[in-house]
1. Where in segment 8-29 does the label zone of residue 46 land, with the point 7 angstrom along Cα→C-beta and an amide N cut-off under 18 Å?
2. Would you mind getting the accessible area per residue of segment 1-73, heavy atoms of the protein chains only, 1.4 Å probe, in Å²?
3. Out of segment 12-71, which trypsin sites (Lys or Arg not before Pro) are coil in DSSP terms and have no more than 13 other C-beta atoms within 10 Å?
4. Which of the GluC sites (Glu not before Pro) found in segment 11-67 are in a DSSP loop and have at most 14 neighbouring Cβ atoms, other than their own, within 10 Å?
5. Using the Karplus curve 6.51 cos²θ - 1.76 cosθ + 1.60 with θ = phi - 60°, what ³J(HN,Hα) values do you get for each residue of segment 57-62, in whole Hz, with x for Gly and Pro?
6. Would you mind telling me the share, in percent, of accessible area of segment 13-57 contributed by carbon and sulfur at probe 1.4 angstrom?
Amino acid sequence: MHTTTEDGWTLEAVTPAWPNDRVLLSVDGELPHAGRHGETWWHIFHSTYSELRAFGFSPSGETIAVATSSDISLWTHRPEHRDGSAAQN
């Protein structure tokens, strides 16, 4: 799966308390901890009872998927156009 979108959003898995993985979303592709939480990066998933298996963006960049050994979580992400407006379907 893709971990970066064309407009720079990035996903990263970290394991500060092994074996519990966390998935972080960053707006600009920088290391998530470099900016302020809630402004440039977000903690979007915490695996506490299942093993993290896969995570990433769909090829279009509009869906985030996180899969564990027991569940799949999906979120939508609407890329902005170059003029700052949201994409329309």
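The values are calculated or read from the model by the stated rules, or taken from the named source; none is laboratory data. Not measured: the values here are computed from a predicted model. Reconstructed Cβ throughout: ideal geometry from the backbone, glycine too, with neighbour counts over all protein chains shown. Ligands, DNA and RNA are excluded from the accessible area calculation, which covers all protein heavy atoms including side chains. Shrake-Rupley method; radii C 1.70, N 1.55, O 1.52, S 1.80 Å.
1. 12-26
2. That works out to 60 Å² for each residue.
3. 36
4. Working: sites: 12, 30, 39, 51, 62; in loops: 30, 39, 51, 62.
Sparse-neighbourhood loop GluC sites (Glu not before Pro): 30, 39, 51.
5. Running phi through 6.51 cos²θ - 1.76 cosθ + 1.60 with θ = phi - 60° gives 8, 5, x, 6, x, 9 Hz.
6. 52
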